[in-house]
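Written below as structure tokens is the structure these notes are about.
The values are calculated or read from the model by the stated rules, or taken from the named source; none is laboratory data. If you're wondering where the values come from, they're calculated on a predicted model, not measured in any experiment. A quick note on method: Cβ atoms are made from the backbone with ideal geometry, for glycine too, and the neighbour counts reach across all protein chains shown. Calculation scope for accessible area: heavy atoms of the full protein, side chains included, ligands and nucleic acids excluded. Shrake-Rupley method; radii C 1.70, N 1.55, O 1.52, S 1.80 Å.
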Amino acid sequence: MDAGGREAEGALSTEEAFGVIDQVCEAGRPIVVLSGGEPLLREDIYEIAQYGTDQGLRMVMGSSGVLIDRASAACLREAGISAVAISLDSADPEVHDSFRGMSGVWEKAVQAIRYCRDEGMNVQINTSIIQSDISSLDSVISLGMSLGVCDYQVFFPVPSGRGRDFGTGSPGEYEDLIRHILLHYRNREVNIRPTCAPQFRRIADNLGIRNGRWGRGCIAGISYCRIYANGDVTPCPYLPVSAGNVRNTPFSRIWHQSEIFTALRDINRLTGKCGRCDFKEVCGGCRARAYRGADAFSTSWCDGLARPESLGGELCAEDPWCPYQPGEVPK
């Protein structure tokens, strides 16, 4: 994302945000994640959280933790935030701060975890794989467990924006690392879900590892979507294709009738090896990488939202980052 100190141009006002929550309620009762950028930079974020809570929605937050002190943690709890995901990319303060581009933010993130836990909110650690060896991840999880955290989302890098130079190597190395993580933590008292790596479901199934909380590998447009600051709705943050804007189309209509979401929910529309794959129902391939095709290996993403009439990629194509060939014997 094009992060910075100023709000995005054309951002929804407080009243418009309330209206979006009303629209979401008409479509169902999903979990609503207040995210960003950094959501706490919005002065009205507590009002928005409270409004969603009052409408009966489960409101949670994803944050860097930098702005969460003891007072703001209490405000989040009072506004009905039931869980907070804090980004922690290394147990080494220097590595985390370097990755985040600012000194001192590791300590603030760790303190934020403590403050949220003290307020009785559930905490999840979101960690990005920025080193290909598992020892770095193990250190983060050990630190998290010492802070009372049991839930972890492990994000595999997608070459977008300022993170375009980070990666785990080749698709084969990427797959080996997923396998290593699943085996390493299979009998540990933690809940880990690889993210932006839908083939983890295939790998887990082949290893006989089950977790009822995982769901499908790629959930973009199926059980998840993103509403941007300006009201555009996309299947996920890495698939910059607008299915409509809540300022002029009700969210319920976008969610239930959008051509983009309809296509993503039909596994029979998958093409290439994803369409032939025995694991397409549990994995589905990364739709963002599929949309980018061969460019998924080289280009930066999130450089602006495409409109349905100007789509330049194939949403249902095969995932170019998956080395698996349907029918091959599992490792």
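Filtering the range 121-151 down to residues that are closer than 19 Å to Val95 by Cα and hydroxyl-bearing (Ser, Thr, Tyr), which residue is modelled with the lowest pLDDT?
Step by step, filter the range 121-151, then rank; the result is Ser132.
Just to be sure before I move on: is Tyr224 free of Cβ contacts under 8 Å to residues at least 40 places away in the same chain and under 20 Å from Pro194 (Cα atoms) in the structure I sent?
When the stated conditions are applied, Tyr224 passes them.
Scan the range 70-83 and tell me whether some residue there is within 25 Å of Pro237 (Cα to Cα), part of a strand (DSSP E or B), hydrophobic (A, V, I, L, M, F, W, C) and touching a residue at least 24 places away in the same chain (Cβ under 8 Å).
Yes.
Within the range 28-56, take every residue that is among the small types (Gly, Ala, Ser) and open to solvent by less than 30 Å² (accessible area, probe 1.4 Å) and give me the one that is farthest from Ala85 (Cα to Cα).
That would be Gly28.
Give me the residue from the range 170-186 that is under 17 Å from Ser135 (Cα atoms) and open to solvent by 20 Å² or more (accessible area, probe 1.4 Å) and, out of that set, modelled with the lowest pLDDT.
The residue in question is Glu173.
Every residue, every condition in (1) open to solvent by less than 30 Å² (accessible area, probe 1.4 Å); (2) part of a loop (DSSP other than H, G, I, E, B), yes or no:
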residue: Trp106; (1), (2): no, no
residue: Gln111; (1), (2): no, no
residue: Gly120; (1), (2): no, yes
residue: Thr127; (1), (2): yes, no
residue: Val154; (1), (2): yes, no
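Every residue in the range 195-219 that is out of contact with any helix residue (DSSP H, G or I) (no Cβ under 8 Å at 6 or more places or on another chain), within 14 Å of Glu281 (Cβ to Cβ), open to solvent by 10 Å² or more (accessible area, probe 1.4 Å) and part of a loop (DSSP other than H, G, I, E, B), please.
Gly215, Ile219 - these are the residues of the range 195-219 that are out of contact with any helix residue (DSSP H, G or I) (no Cβ under 8 Å at 6 or more places or on another chain), within 14 Å of Glu281 (Cβ to Cβ), open to solvent by 10 Å² or more (accessible area, probe 1.4 Å) and part of a loop (DSSP other than H, G, I, E, B).
Answer with yes or no whether Ser298 is open to solvent by 40 Å² or more (accessible area, probe 1.4 Å) and at pLDDT below 95.
Yes, satisfied.
Condition first: of a type in the set (A, V, I, L, M) and either buried (at least 20 other Cβ atoms within 10 Å of the Cβ) or in contact with a Phe, Trp or Tyr (Cβ under 7 Å, 6 or more places away or on another chain) (or both). Now tell me which residues in the range 263-289 satisfy that.
Leu264, Leu270, Ala288
So, in the range 57-76, how many residues would count as being surrounded by 16 or more Cβ atoms within 10 Å (Cβ to Cβ) and not hydrophobic (A, V, I, L, M, F, W, C)?
Summing the residues that are surrounded by 16 or more Cβ atoms within 10 Å (Cβ to Cβ) and not hydrophobic (A, V, I, L, M, F, W, C) in the range 57-76 gives 5.
Of everything in the range 207-221, what is closer than 22 Å to Ile31 by Cβ and over 18 Å from the mean Cα position of the chain (by Cα)? Give them in sequence order.
Within the range 207-221, Asn211, Gly212 meet the criteria.
Condition first: over 18 Å from the mean Cα position of the chain (by Cα) and either over 19 Å from Val24 (Cα atoms) or of a type in the set (Phe, Trp, Tyr) (or both). Now tell me which residues in the range 234-254 satisfy that.
Phe251
Give me the pairs: first residue in the range 6-34 and of a type in the set (Ser, Thr, Tyr), second residue open to solvent by less than 50 Å² (accessible area, probe 1.4 Å), beta-carbon distance under 6 Å, and six or more apart or on different chains, which are they?
Final answer for the pair search is Thr14/Asp44.
For the range 84-99, what are the residues that are of a type outside the set (Ser, Thr, Tyr) and either on the phi > 0 side of the Ramachandran plot or part of a helix (DSSP H, G or I) (or both)?
Answer for the range 84-99, where residues must be of a type outside the set (Ser, Thr, Tyr) and either on the phi > 0 side of the Ramachandran plot or part of a helix (DSSP H, G or I) (or both): Pro93, Glu94, Val95, His96, Asp97, Phe99.
Identify, from the list Ile254, Ile260, the residue that is modelled with pLDDT of 95 or more, surrounded by 15 or more Cβ atoms within 10 Å (Cβ to Cβ) and farther than 15 Å from Cys196 by Cα.
Step by step, each of Ile254, Ile260 is checked, and only Ile254 is modelled with pLDDT of 95 or more, surrounded by 15 or more Cβ atoms within 10 Å (Cβ to Cβ) and farther than 15 Å from Cys196 by Cα.
Report every pair of residues separated by at least 6 positions or lying on different chains whose Cβ atoms are under 6 Å apart, first residue within the range 175-190 and farther than 18 Å from Ser146 by Cα, second among the hydrophobic types (A, V, I, L, M, F, W, C) and not in a helix (DSSP H, G or I).
That search, which allows pairs on different chains as well, returns Ile178/Ala197; Leu182/Ile209; Arg186/Ile209.
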